[in-house]
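This report refers to the structure that appears directly beneath it.
The values are calculated or read from the model by the stated rules, or taken from the named source; none is laboratory data. Predicted model only: the values in this text are computed from it and were never measured. Here the Cβ is made from the backbone with ideal geometry for all residues, glycine too, and neighbour counts use every protein chain on show. Side chains included, ligands, DNA and RNA excluded: accessible areas come from the protein's heavy atoms. Shrake-Rupley method; radii C 1.70, N 1.55, O 1.52, S 1.80 Å.
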Amino acid sequence: MCGIVGYIGPREAYPIIIEGLKRLEYRGYDSAGIALFDGTDLKVCKTKGKVVDLENKLHTDITSTGNIGIGHTRWATHGVPNDVNSHPHYSNSGDLVIIHNGIIENYESLRKELISRGYHFDSDTDTEVLVNLIEDVKNKENVKLGQAVQIALNQVVGAYAIAVFDKTRPKEIVIARLGSPLAIGVGKDEFFIASDASPFLEYTKDAIYLEDEEMAIIRLNKDIKVRKIKDDSSVVPYVQTLKMNLDQIEKGGFEHFMLKEIYEQPKAIIDTYRGRLNRQEAIIKMGSVEDNMKKFLNADRIIIVACGTSWHAGLVAEYIFEDLARIPVEVEYASEFRYRNPIITEKDVVIAISQSGETADTLAAIKLAKSKGAFVFGVCNVVGSSIARETDAGAYTHAGPEIGVASTKAFTTQITVLSLIALRLARAKGTISSSDFRHHLLELEMIPKKVEKVLEANEHIKHIAEIYKDVHNFLYLGRGYNFPVALEGALKLKEISYIHAEGYPAAEMKHGPIALIDENMPIVVIATKKGHYEKVVSNIQEIKSRKGKIIGIVTEGDVDVRELADHVIEVPETLESLSPLLTTIPLQLLSYHIAVLLGKNVDQPRNLAKSVTVE
Ligand code: F6R
């Protein structure tokens, strides 16, 4: 996710773009940049860091005049955050500049082709490839910018929102979208461009939202031309009058970032497997796994190190790797691992999981493993983070910025990446049949739609939250793949509502926690059809006979648990190994609603920090 802002009209573009970028920083904040045209010259200034760093640099680098410009705040996907990889990117001639939000999946092949025709690249980004592709088309076909953008985009596979400016036609900006949002603010003789409406709300409430596969040519003092990217047909733009306030827009209309991020999960999971999972060809393509295939296949075991929610994702991965790829796995709290004297050899593969990529304990565990000669693979969300740099190789989750302190989409996207790796290794080892492999790919591709289905239960879950918000203790139970989900559900509740909660493997209940159960104790039981169902139903019966209140997470159409439980929340059926991607969603929503009803600060719970850089 990145933020895009643009302006064309009679006002100074600079203050509008800078203030707009500040409002879009929730979309990404590892680097920022701006391109301004002052009537004669095109000036670009960009820097690693936040918009305020850009502002400071601008004061010394360029004069901020001109009434046309584009700006960008970045959430890195290709290439670490640094000055060179920041947007805007120039084309080789220096005539075009582009800003981009999204991922160009086929950028490697386009890049090779452009290099063979004499183009050079300064950055590691897919965006610089796109701007040169547009330039190449423009020169080869002898067309104007709008047409060049259109032809180029038809060669591109991936997702994008872009804004392109050509200094040889300095009175227009061309924008396009596929999979990433883009809005146009329509003022009197002026237009604003932005990833959401927050940068232009104080200037105009009239907005056009581009649809997927649409592009627009925005000209000074002219009407906007909107057309389809695929077939060039023109579209009559629909101008709507916005009634939202600023805060609502930054949070996408959600009350809290946490809720927004819970709802972003279908898209985040797609972004995670995009370009990696190819169901038609029945392959999983992950460069960093292919490059290190021997190390994975020859490993005596995999050791997973992580903290908190990422550790829970590691526990799910333990089941997946052992089940599908038949590789022994140990999952370690990074903080414990680093302080004992663990036996690590050169034949171990260590996987470090971290959303922020900055967790001090995980970083220290990585250094320890490397010092013993193990190959260390990272699964991180933040591109260019310390853990991403410290590991020998890795795979990003591409979940986009997670602002809410309680991890939600980080968890599901980590499981998605780890599932892809396990499936790829299983295929290479021959521990999964080709038909099972295909079935897994199909089911994984269907997960986002199924997550959407679970999200439809939001009101029902809120109602359950209202009933239990005042209790002091919760128990969460699950078995197999869903035991880590029970731990994660309990952690979510603890951290944002401050209610004490314990997660347990369901069968362990009778070895102690059962003593806690009385008519005041709510127990969330994950009891989906696949995986020890009958055994979990027996556990539920044990709870029932002690008068505990049962909230069952069940498969659609379930009858047995429904008869016993006080409440059920249904999730669609899927493979057992993928079920945590669905069963975790109601638990996130339950803790969210309880915390909101209790008036807690959901996005910034007390005593916690988003990245724990101290041990
Ligand atoms: C829980 C939570 C924490 C983090 C933990 C690790 O919601 O956010 O438990 O999961 O601090 O952080 P990362 O994944 O950034 O290493």
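Could you give me the ³J(HN,Hα) list for the range 364-374, computed from phi with Karplus coefficients 6.51, -1.76, 1.60 and θ = phi - 60°, whole Hz, x at Gly and Pro?
Rounded to whole hertz, the list is 5, 5, 5, 4, 4, 4, 5, 5, 9, x, 6.
Compute the distance from the alpha-carbon center of the range 1-70 to that of the range 524-595, in whole Å.
50
Given the DSSP H assignment, sum -39500 (n - 2.57) over each helix run of at least 4 residues in the chain and divide by its residue total; what's the result at 222 nm in deg cm²/dmol, nearest 500?
For the chain, the value works out to -11000 deg cm²/dmol.
Quick check: with the 1.4 Å probe, what order do Ile303, Ile103 take by accessible area, largest first?
Reading off the accessible areas and sorting them downward yields Ile103, Ile303.
From the backbone phi of the range 445-458, what are the Karplus-calculated ³J(HN,Hα) couplings (6.51 cos²θ - 1.76 cosθ + 1.60, θ = phi - 60°) in whole Hz, Gly and Pro given as x?
5, 8, 4, x, 5, 6, 4, 4, 5, 5, 4, 5, 7, 3
Specify, per residue and in Å³, the volume enclosed by the convex hull of the alpha carbon atoms belonging to the range 245-364.
Per-residue hull volume (Cα only) is 149 Å³.
Computed from the mean reciprocal separation of all distinct C-alpha pairs, what Kirkwood hydrodynamic radius does the chain have, in Å?
Computed over Cα pairs of the chain, the Kirkwood hydrodynamic radius comes out at 25.6 Å.
Whole-Hz ³J(HN,Hα) for each residue in the range 530-536, computed from phi via Karplus 6.51 cos²θ - 1.76 cosθ + 1.60 with θ = phi - 60°, x for glycine and proline: what do you get?
7, x, 6, 4, 4, 5, 5
Could you please state, rounded to a whole Å, how far the C-alpha centre of the range 239-304 is from the C-alpha centre of the range 479-505?
23
Per residue, how big is the convex hull of the range 3-248 when only Cα atoms are used? Give it in Å³.
Cα-based convex hull of the range 3-248, divided per residue, equals 110 Å³.
Towards the positive end of the charge dipole of the chain, with charges on Cβ (+1 Lys, Arg; -1 Asp, Glu), say which of Gln541, Val379, Ile594 has the farthest Cα.
Val379
Per-residue accessible area for His256 at 1.4 Å probe radius, Å² rounded to 10?
Rounded to the nearest 10, the figure is 30 Å².
How many percent of DSSP beta bridges within the chain run antiparallel, rounded to 5?
If I count the DSSP bridges inside the chain, around 60 percent turn out antiparallel.
Which value, in Å², gives the accessible area per residue of the chain when a 1.4 Å probe is used on the protein heavy atoms?
Normalised by residue count, the accessible surface of the chain is 39 Å².
Could you give me D for the range 173-255, from Stokes-Einstein at 4 °C and 1.567 mPa s, where the hydrodynamic radius is the Kirkwood radius over C-alpha pairs? Units µm² s⁻¹, please.
Using the Kirkwood radius from Cα pairs, D works out to 99 µm²/s.
Could you work out the local net charge near Asp271, counting Lys and Arg as +1, Asp and Glu as -1, over the other residues with Cβ closer than 12 Å to its Cβ?
So the environment of Asp271 carries a net charge of +2.
Given a 1.4 Å probe and the protein chains all in place, what does the accessible area of Asp196 round to, in Å² to the nearest 10?
Approximately 20 Å² for this residue.
Can you list the lysines whose alpha carbon is less than 17 Å from that of Lys43, not counting same-chain residues fewer than 8 positions off?
Lys43 reaches Lys57, Lys167, Lys171.
Do you know the Lys pair count in the range 208-319 for C-alpha distances under 23 Å, with sequence separation 8 or more or different chains?
Summing the qualifying lysine pairs gives 9.
What are the semi-axes of the equivalent ellipsoid of the range 456-615, taken as the square roots of 5 times the eigenvalues of the Cα gyration tensor, listed largest first and rounded to whole Å?
So the three semi-axes of the range 456-615 are 24, 17, 16 Å.
Which value, in nm² and rounded to one decimal, describes the direction-averaged projected area of the C-alpha convex hull of the range 251-455?
Taking the Cα atoms of the range 251-455, their convex hull projects to 10.9 nm² on average.
With a 1.4 Å probe and all protein chains left in place, how much of the accessible area of the chain comes from carbon and sulfur atoms, in whole percent?
Ligands and nucleic acids excluded, carbon and sulfur give 48 percent.
Please sort 574-586, 166-178 by packing, taking for each peptide the average over its residues of neighbouring beta carbons within 10 angstrom, highest first.
Going by the mean number of other Cβ atoms within 10 Å, highest first, we get 574-586, 166-178.
What net charge do the residues around Gly557 carry, taking every other residue with its C-beta under 9 Å from that of Gly557, with Lys and Arg at +1 and Asp and Glu at -1?
Once positives and negatives cancel, what remains is -3.
How many Å³ per residue does the convex hull of the Cα positions in the range 1-134 occupy?
93
Going by average Cβ neighbours within 10 Å, how do the peptides 207-220, 310-323 rank, with the highest at the top?
Going by the mean number of other Cβ atoms within 10 Å, highest first, we get 310-323, 207-220.
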